[in-house]
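K.L.:
The structure is given below, and queries will be raised subsequently.
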Amino acid sequence: MKPQRSPTGVERFFGDDEIIVSKTDARGVITYANRVFLRIAGYEEHEVLGRPHSIIRHPDMPRCVFKLLWDTIQSGEEIFAYVVNLAKNGDHYWVLAHVTPTFDAQGRITGYHSSRRVPRPGVLDKVRPLYANLLATEQRYDNKIEGMQASSKVLMSQLEEAGVSYGEFVFSL
C-alpha cells in the first residue's frame, strides 16, 4: 500500500551527470535502487526494496502515460517518457525515464530496468501543459478507468494529429 503524502510543491533536482536507476520484478516491485534514486526520492534502501515502484507516483502524473508505459514494456519494447515523481516528504522531481524489459533465457520478461536522467532545459515547458490537460481530462470522470481511457484518447489524438508516436514526440522536444 502506498503511503498517503501531499505534494509540497517543492522541486528537487539532481545532476546532469547523475542517473537514477531502479530495477523491478515483472509486477513492478522494486528489487534494486541506486544511491541517486534513494537520495532524490528521500528513502532508505529497506523502505523501497519489496515495495511497488508506484511508491514514488506523483498525483499530477497522468494515468494514461503510465498505461502507455506499461503497455509498451509488457509487450517487450522499451520506452522513453517524461515523468514527475513524488519524494517521500512530498517534494517532486522530473525525469526522462528509459524503461526496458529484462528477459530470461527463454525470452520471457522477468522484470524491468529504468534509467532516469535530468530533462533537457525547456522541455518541461512543453510537457507540463500536455500532462495538465491529460490529468484534467482524467479528473472529469468519477471512474478512474474511464478517465484514463478518455485521456488516452486525447493523447493518441494529439500524437496522431502531429503524425508522431509517443517516442518520436519525446525525442522531438
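Nothing in this text is a laboratory measurement; each read-out follows from the coordinates by a stated rule. The shown structure was predicted, so the numbers you read here are calculated from the model rather than taken from an experiment. In this analysis, Cβ positions are derived from the backbone assuming ideal geometry, glycine residues included, and neighbour counts consider all displayed protein chains.
K.L.:
Need the full-extension length gain, Arg5 to Arg35, defined as separation in residues times 0.36 nm minus the C-alpha distance. One decimal, nm.
P.N.:
Taking 0.36 nm per residue and subtracting the Cα distance, the gain is 8.6 nm.
K.L.:
Hey, can you grab everything whose amide H is under 5 Å from the amide H of Tyr32? Only 5+ residues off in sequence or another chain; H modelled, so Pro and N-termini drop out.
P.N.:
Correct list: Lys23.
K.L.:
Between Ala162 and Glu47, how many nm apart are label points set 7 Å from Cα along the C-beta direction?
P.N.:
Here the modelled spin labels are 3.5 nm apart.
K.L.:
Helix-only estimate, please: 222 nm mean residue ellipticity of the chain, summing -39500 (n - 2.57) across DSSP H runs of length 4 or more and dividing by its residues, to the nearest 500.
P.N.:
One gets -11500 deg cm²/dmol as the mean residue ellipticity at 222 nm.
K.L.:
Send over the semi-axes of the chain's equivalent ellipsoid, whole angstrom and largest first, taken as the square roots of 5 times the C-alpha gyration tensor eigenvalues.
P.N.:
Over the Cα atoms of the chain, the semi-axes work out to 24, 20, 17 Å.
K.L.:
With bins 10 Å wide starting at 0, give me the P(r) of the stretch 1-95 over every alpha carbon pair, in whole percents.
P.N.:
15, 50, 33, 2
K.L.:
Also: May I ask you to list the lysines whose Cα is less than 25 Å away from that of Lys88, ignoring any residue fewer than eight positions away on the same chain?
P.N.:
Within the straight-line limit of under 25 Å, Lys88 reaches these lysines: Lys2, Lys23, Lys67, Lys144.
K.L.:
Please build a GNM for the chain, connecting alpha carbons under 10 Å apart, and tell me which residue among Met61, Met156, Met148 fluctuates the most.
P.N.:
Taking springs between Cα atoms under 10 Å, the residue moving most is Met156.
K.L.:
Of Thr137, Thr100, how do they rank once you tally other Cβ atoms within 10 Å and put the fewest first?
P.N.:
Ascending number of Cβ neighbours within 10 Å: Thr100, Thr137.
K.L.:
Below 8 Å between Cα atoms, with a sequence gap of 6+, how large is the relative contact order for the chain in percent? Kindly include the intermediate steps, with their values, before the conclusion.
P.N.:
Numbers: 287 pairs, mean separation 40.7, N = 173.
Dividing the mean separation by the residue count of the chain yields 24 percent.
K.L.:
In the chain, which whole DSSP H runs stretch at least 15 Å along their own axis (Cα) and average 0.0 or higher on the Kyte-Doolittle scale?
P.N.:
Going by DSSP H runs, the hits are 63-74.
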